[in-house]
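The structure appears right after this line, and notes come after that.
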């Protein structure tokens, strides 16, 4: 079920209220938390006398309206600038959208990252937000955003980290260097926001966060217009050949390798089906080679 603002109804009321509640309380309250059993409006009433609309700085994928960039992170970040969530804050943003996929050359990306860090220093020093919401993912993203988080700590600004992309957890397990970096850069945020129980377990067990600072915030990107596509589609005529569709960037962390290995296994077992892949990415050469080497052109 989805609210009128396009945000799914989730835990404990709407996802927007859950996230706004956590951020607002960390932005302006001191002492003990308000009664967790009170409703959302009562909690806001308890906080708002201190500061009518807390100043929120969001750092994430916020491209200009003219940008043609697309992606899950852009969708998730963009929805927070609309509707109920945005009504609770005075919002400013720093855009960290990746300029291209595959990524641009390292010197170009480094220059842009330095510019964003300087913008963050300026915002923290002169705008003085009450709370900073920082989105990050695997690779250079979490290093850059981790540095911004430490800047917040140095300047005594509360911040909430929201890491997205399960490959981060896998990278932590594989590399002692990455483990050290993550523990150094992602520590001691005011909040470590989690998409689900696995992220919460990671924050508690690996990054040593207390569980009350790791709230679970369900995904809010299943908006009403997207759900209507499924509700409104016509019934497919029954055929003997099942059809599957994968759409997205062809990246290891999205499971494309496992999908094609499973496709080969099912084909070898004599099952007749059709898999269509829509997208591009780092794994495209591997996908092309694998399909040709295993004669999957008739099934994928």
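Observations on the model:
- Qualifying residue in region 235-253 (condition: at pLDDT below 80, closer than 30 Å to residue 192 by Cβ and either in a strand (DSSP E or B) or not assigned by TED's automatic domain parsing to the domain that holds residue 286 (or both)): no
- Evaluation of residue 107 against (1) closer than 28 Å to residue 218 by Cα; (2) out of contact with any helix residue (DSSP H, G or I) (no Cβ under 9 Å at 6 or more places or on another chain) (one fails), failing number: (1)
- Residue match in region 84-98 (condition: touching a helix residue (DSSP H, G or I) at 6+ places or on another chain (Cβ under 9 Å), modelled with pLDDT under 80 and within 15 Å of residue 217 (Cβ to Cβ)): yes
Yes/no per residue for (1) within 12 Å of the chain's Cα centre (by Cα); (2) in the same structural domain as residue 144 (by TED's automatic domain parsing); (3) in a helix (DSSP H, G or I); (4) over 20 Å from residue 113 (Cα atoms):
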| position | (1), (2), (3), (4) |
| --- | --- |
| 58 | no, yes, no, no |
| 66 | no, yes, no, yes |
| 69 | no, yes, no, no |
| 76 | yes, yes, yes, yes |
| 81 | no, yes, no, yes |
| 85 | no, yes, yes, yes |
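- Among residues of region 186-212 that are in the same structural domain as residue 152 (by TED's automatic domain parsing) and free of Cβ contacts under 8 Å to residues at least 12 places away in the same chain, those with a Cβ under 8 angstrom from a residue that is assigned to a loop (DSSP other than H, G, I, E, B) and surrounded by 12 or more Cβ atoms within 10 Å (Cβ to Cβ), sequence gap 6+ or separate chain, pair up as 203/209; 203/214; 204/214.
- When residues in region 88-115 are screened for being farther than 18 Å from residue 69 by Cβ and touching a strand residue (DSSP E or B) at 6+ places or on another chain (Cβ under 7 Å), 4 of them pass.
- Among the conditions (1) within 28 Å of residue 98 (Cα to Cα); (2) touching a helix residue (DSSP H, G or I) at 6+ places or on another chain (Cβ under 8 Å), the only one that residue 284 does not satisfy is (2).
The values are calculated or read from the model by the stated rules, or taken from the named source; none is laboratory data. Just so we're clear, the structure is a prediction, and the values are computed from it rather than from any experiment. Cβ coordinates were reconstructed from backbone atoms using ideal geometry, including for glycine residues, and neighbour counts include every protein chain displayed.
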